[in-house]
1. Which one of the conditions (1) surrounded by fewer than 18 Cβ atoms within 10 Å (Cβ to Cβ); (2) more than 15 Å from L36 (Cβ to Cβ) does P90 fail to meet, given that it meets all the rest?
2. Name the single residue that is farthest from L148 (Cα to Cα) among those in segment 99-111 being crowded, with 17+ Cβ neighbours inside 10 Å and among the β-branched types (V, I, T).
3. Residues in segment 185-218 that are at pLDDT below 95 and within 12 Å of N159 (Cα to Cα): how many?
4. For segment 190-201, which residues satisfy the criterion of being in a helix (DSSP H, G or I) and loosely packed, with under 13 Cβ neighbours inside 10 Å?
5. The conditions are (1) more than 30 Å from A82 (Cα to Cα); (2) part of a helix (DSSP H, G or I), and W186 fails exactly one of them. Which is it?
6. Are there any pairs with C-beta distances below 9 angstrom linking a residue in segment 54-73 that is on the phi > 0 side of the Ramachandran plot and part of a helix (DSSP H, G or I) to a residue that is modelled with pLDDT under 95 and surrounded by 14 or more Cβ atoms within 10 Å (Cβ to Cβ), with the two at least 6 apart or on different chains, and if so which?
7. If you go through segment 24-31 one residue at a time, do you hit one that is at pLDDT below 50, closer than 29 Å to D103 by Cα and in the same structural domain as V140 (by TED's automatic domain parsing)?
Amino acid sequence: MITTSRPARASVAAAVFALLLAAPVTAQVGKNLGALDANLATAEQLAALPGMTPAIVEAVVAGRPYLTMTAFDAALGKSLTAAQRKAVYPKLFLAVNLNTATDAEINLIPGIGPKMLKEFKEYRPYASLAVWRKEIGKYVDAAEVARLEQYVFVPVELNAATDEDILSIPGAGRRMVREFKEYRPWKNEAQFQKEIGKYVDAKEVARLWRYVTIAPAK
């Protein structure tokens, strides 16, 4: 059996964390490590999760899009107990907005606790996910930063977003990159609904809108 010394493990963790910080700061939605998106998971994927009966799967799909994790939790709460939902959320989640999430939303993140709730809120507003990585990395190791990251996002600024920013939005592809950039400058949500609504239905417009923001005009 090969063992690794504590200093060596610390060095590896530091190297992983350095790579996280060195990742493109343009990625505003956390890198997924396997958790399904509550708004995008297929019926087949949902059915494979613990406690997800056909009736629950049908109700979940029919209730989309969920605009907050608390809304999704309330929907599942009609059929699953708190303990059952807690078992599901490491595998099925809806990323929370780091700048606006309520305590109730943050507390739904698997493995979160009172200390991390406090730290998540202390450094608001987050200008980028890289800032969040740096600050939370003061309290937990690189592996835990990466685990938590898949459950969070910083809104993408529509008028300044890079292609990588836009592509980090779950379900967004090259077509949305083109359309998001085509209608700049963006001024308000109504404009977003009108222009992006030419390409996708109202539910998808609402789902995409939760991941974006428009900076106030200077």
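The values are calculated or read from the model by the stated rules, or taken from the named source; none is laboratory data. Since we're looking at a predicted model, the values are computed, not measured. Please note: Cβ atoms are built from the backbone with ideal geometry, for glycine as well, and neighbour counts cover all protein chains shown.
1. (2)
2. I106
3. The total comes to 3.
4. In the first step, residues of segment 190-201 are kept if they are in a helix (DSSP H, G or I); the result is 190-196.
Correct list: A190, K194.
5. (2)
6. Here the result reads none, with nothing in segment 54-73 linked to a residue that is modelled with pLDDT under 95 and surrounded by 14 or more Cβ atoms within 10 Å (Cβ to Cβ).
7. Residues of segment 24-31 at pLDDT below 50: 24-25.
Subsequent filtering for residues that are closer than 29 Å to D103 by Cα retains 24-25.
Right, trim to in the same structural domain as V140 (by TED's automatic domain parsing) and you get 24-25.
Looking for residues that are at pLDDT below 50, closer than 29 Å to D103 by Cα and in the same structural domain as V140 (by TED's automatic domain parsing), one finds at least one in segment 24-31, hence yes.
Yes/no per residue for (1) more than 27 Å from V57 (Cβ to Cβ); (2) under 16 Å from the mean Cα position of the chain (by Cα):
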{"residue": "Q84", "(1), (2)": "no, no"}
{"residue": "A87", "(1), (2)": "no, no"}
{"residue": "K91", "(1), (2)": "no, yes"}
{"residue": "A95", "(1), (2)": "no, yes"}
{"residue": "L108", "(1), (2)": "no, yes"}
{"residue": "A127", "(1), (2)": "yes, yes"}
